[in-house]
Amino acid sequence: MRNGYDVYLKKCLLPITPSKLQIQYGGANETVTLINEGQVSVLKRPELKEIEFECLIPQTRFPYASYKSGFKGAKYYLDYFKSLQNGKRPFQFIISRSLPSGRTLFSTNIKVSMESYTVIEDAKEGFDVKVKIKLREYRKHGTKTVVLAVGNGDEAPQAQVQETREAETSPAPEAPQTYSVQKGDCLWTIAKKFYGDGSKYTVIYEANRDVIGGDPNRIDPGQVLVIPAA
């Protein structure tokens with residue numbers, strides 16, 4: 001029996017929830033020595049989070065495993081992990097915890113990259129496969145260009161900063177909510193619940209196209225959807 005946790009890599013639900021998960025919050029602060037002041041700390045933005053865990057990928061269907069689209073063997077998941085690494089694109093890492101009734105208690109939803117995965121062959125696991133996965137938090141980045149407008153005479157040049165942000169393929173609000181699909185839900189009713197306007201279901205669909213698939217009218221109970229800021 002599952003423990004109430006669902007772990008997604010993009011649209012792929014891991015069949016068996018990892019027993020533990022390690023998140024490293026690194027710091028990038030520096031210590032410098034000034035001539036008259038001695039040592040001082042230069043505080044900087046924290047480093048990217050690093051996430052590591054091991055997951056068991058069974059070759060046979062266990063009663064406590066979960067398959068949203070039917071049973072799939074280990075090869076499916078190994079090929080999927082490989083596609084995430086070779087795709088050179090960030091993806092959503094989602095952890096959702098729910099009560100037996102299906103009500104969501106809390107969830108974690110961040111954009112990450114697949115840094116590495118290691119396949120572990122262990123005779124104690126029989127034909128099943130263990131995989132050690134390492135993810136790294138992804139942040140948008142871009143460039144800034146300073147354009148100097150030269151004045152006449154003694155006028156000082158005026159600087160204008162033009163910022164170019166990296167393009168995103170899906171909305172990435174600063175503080176998105178998540179929602180676990182319940183039996184009887186549709187995107188219209190979910191949009192009505194969060195936005196007060198069912199016609200905004202397309203906003204939710206575009207943010208979750210990788211999870212839902214090509215048909216916005218087909219969502220399944222248990223799917224965890226990102227709800228962008230209105």
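Which entries of Lys20/Lys111; Lys75/Lys183; Lys20/Lys82; Lys72/Lys132 show an alpha-carbon separation above 28 angstrom in the structure shown?
Exceeds cut-off: Lys75/Lys183.
Among the listed pairs Lys11/Lys49; Lys68/Lys134; Lys68/Lys130; Lys68/Lys200; Lys44/Lys193, which have their C-alpha atoms separated by more than 28 angstrom in this model?
Lys44/Lys193
Compare the peptides 183-189, 47-53 by average per-residue count of other Cβ atoms within 10 angstrom and give them in order, highest first.
47-53, 183-189
Any read-out appearing in this document is the output of simple, stated calculations on the displayed coordinates, not a laboratory observation. As the structure is a prediction and not an experimental result, all values here were calculated from the model. Cβ sites come from the backbone with ideal geometry, for glycine too, and all protein chains shown count toward neighbours.
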